[in-house]
Amino acid sequence: MRTRIRRALVVTTAGVLGAVGVLSLAGTANAASTLGASAAAKGRYFGTAVAANHLGEAQYASTLDTEFNAVTPENEMKWDAVEATRNSFNYGPADQIVSHAQGKGMKVRGHTLVWYSQLPGWVGGLGTDDLRSAMNNHITQVMTHYKGKIYAWDVVNEAFQDGSSGARRSSPFQDKLGNGYIEEAFRTARAADSGAKLCYNDYNTDGQNAKSNAVYSMVKDFKQRGVPIDCVGFQSHFNSASPVPSDYQANLQRFADLGVDVQITELDIEGSGSAQATSYGKVVNACLAVSRCAGITVWGVTDKYSWRSSGTPLLFDSNYSKKPAYDTVLSALGGTSGGGSGGGTGGATCTATYTRTDTWSDRFNGQVTVKAGSSAITGWTVPVTVTSPQRISTTWNGSPTWDGSGNVMTMKPNGNGSLAAGASTTFGFTVMTDGNTSAPTIGACTAS
Ligand code: XIL
């Protein structure tokens, strides 16, 4: 009933607004000008791997905060970082990334709980029973620490061998616990934080081949038997020896058809110029063509700090300049480049930035700053999405409308929405957390 009334109000408002309302409903308002906002307008996130020790570098942080709406700690949540000594947990660097992300309304991908690499030596030295309890304890402790703050966890990473065998990779877990360790890890993970999506993540699984077939069979079996799995991550580290496969989209689609989300989790493509740009475009278009492709994460902000720095595989060069690949990705996402915060050539543009302003045990307040670009605007619209079971209980300085689910609020000005070029205003809202403290997703600001 409430929903119907809300829908009726939306329609009436659009009618009263006349030309302006119809224009923005038809989607002809100016497109977003950052990767994150453009992806959000397509119902996706656009993230990056982040290293805690670079957050203090002004250009690193400003590029991150301007362009991306999701982060993955590059190393800070790995077993050797978090539990180098048995049962002694160090969350400092990972916490830094998570609180930065939460303050900016970014999603966080947790990476990774069970992996053969970056695994402290003591784990490999354990006997079978001890190893099983150490694995389950690690998953439970880490997920409980971050409960409610993680969008998706890479529960198990890189468990299969390369090549034609389709076999499992040797690791302490595989060798001592056997094939069942993956299922056990996912079950333990679901019990620890039922609000996080649980992913299996791997590389060289980006096209259809023996390795991806083996992962496919495992996911299919998990879905059939009710083993909790929500998503499959495709790392997508590409170079000339391992280019974007021609069946990339088809491969994502076949996994999606099993009833899981697919995510591109560690994208980087070595190269430069238009060749690199074209490859990036293929990946973005493939994700957009698969409705269950939830988002894309690139494996770093700048070539300067890439794990494959000499291959210059990222979207920003070592001076934080946008590369041709950046422009291709932005335009594939439907965004338009226009220089800086909402600057465009003559058109009405705006940007929306989020901050958390207050936190209580059961709720928090968020504030969104809406800033006009280089031209004056007469109105603006900003979508705000919260994650169920969260609910927005109050709003101020804006006029909200709601979708049927009650999770998506579209905020418009309260009365006169005019802003001079470069001027800003704010609106706010209270989110009742119901146990989930994750930040809302702020969609693209559209100006009129
Ligand atoms: C890499 C990091 O980027 C490096 O800084 C680190 O030295 C090694 O690990 N697959 C994964 C990522 O799942 O965690 C790896 O990240 C890259 C390959």
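Every read-out reported here was derived from the displayed coordinates using simple, explicitly stated rules and does not represent laboratory data. Because the structure is a prediction, the values reported are computed rather than measured. Here the Cβ positions follow ideal geometry from the backbone for every residue, glycine too, while neighbour counts run over all protein chains shown.
Below are the figures for this structure:
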{"item": "Matching residues in region 174-191 - criterion: being within 28 Å of the chain's Cα centre (by Cα) and either within 16 Å of the ligand (Cβ to nearest atom) or of a type outside the set (Asp, Glu) (or both)", "result": "Tyr181, Ile182, Ala185, Phe186, Arg187, Thr188, Ala189, Arg190, Ala191"}
{"item": "First in region 411-427 and more than 21 Å from Ile392 (Cβ to Cβ), second anywhere and not in a loop (DSSP other than H, G, I, E, B), Cβ under 6 Å, 6 or more apart", "result": "Leu419/Ala372; Leu419/Ile377; Ala421/Ala372; Ala423/Ala372; Ser424/Thr369; Ser424/Lys371"}
{"item": "Odd one out for Thr140 among (1) touching a Pro at 6+ places or on another chain (Cβ under 9 Å); (2) over 22 Å from Thr265 (Cα atoms)", "result": "(1)"}
{"item": "Region 301-322: number of residues that are of a type in the set (Ser, Thr, Tyr), surrounded by 19 or more Cβ atoms within 10 Å (Cβ to Cβ) and in contact with a helix residue (DSSP H, G or I) (Cβ under 8 Å, 6 or more places away or on another chain)", "result": "2"}
{"item": "When residues of region 96-125 are limited to those that are within 27 Å of Thr430 (Cβ to Cβ) and assigned to a helix (DSSP H, G or I), the one nearest to the ligand (Cβ to nearest atom)", "result": "Ile97"}
{"item": "Filtered residue count, region 402-426, keeping only those that are over 25 Å from Ala152 (Cβ atoms) and either out of contact with any Lys or Arg (no Cβ under 9 Å at 6 or more places or on another chain) or part of a loop (DSSP other than H, G, I, E, B) (or both)", "result": "14"}
{"item": "Residue check, Gly273 surrounded by fewer than 18 Cβ atoms within 10 Å (Cβ to Cβ) and over 27 Å from Val215 (Cα atoms)", "result": "yes"}
{"item": "Criterion: more than 19 Å from Gly300 (Cα to Cα), surrounded by fewer than 17 Cβ atoms within 10 Å (Cβ to Cβ) and aliphatic (A, V, I, L, M) - qualifying residue of Ala84, Ala134", "result": "Ala84"}
{"item": "His54, sole failed condition from (1) surrounded by fewer than 18 Cβ atoms within 10 Å (Cβ to Cβ); (2) more than 14 Å from the ligand (Cβ to nearest atom)", "result": "(2)"}
{"item": "Single match in Ala241, Ala325, Ala289 (criterion: surrounded by fewer than 23 Cβ atoms within 10 Å (Cβ to Cβ), of a type in the set (A, V, I, L, M, F, W, C) and in contact (Cβ under 8 Å) with a residue 24 or more places away in the chain)", "result": "Ala289"}
{"item": "Extreme residue, farthest from Thr63 (Cα to Cα), among residues of region 254-278 that are in contact with a helix residue (DSSP H, G or I) (Cβ under 8 Å, 6 or more places away or on another chain) and part of a helix (DSSP H, G or I)", "result": "Arg254"}
{"item": "Total residues in region 145-173, condition more than 16 Å from the ligand (Cβ to nearest atom), of a type in the set (Ser, Thr, Tyr) and under 19 Å from Gln235 (Cβ atoms)", "result": "1"}
{"item": "Inter-residue pairs, beta-carbon under 8 Å, first under 16 Å from Asp268 (Cα atoms) and part of a loop (DSSP other than H, G, I, E, B) and in region 62-77, second within 16 Å of the ligand (Cβ to nearest atom) and of a type in the set (Val, Ile, Thr), 6+ apart", "result": "Phe68/Thr48; Phe68/Val301; Glu74/Val50"}
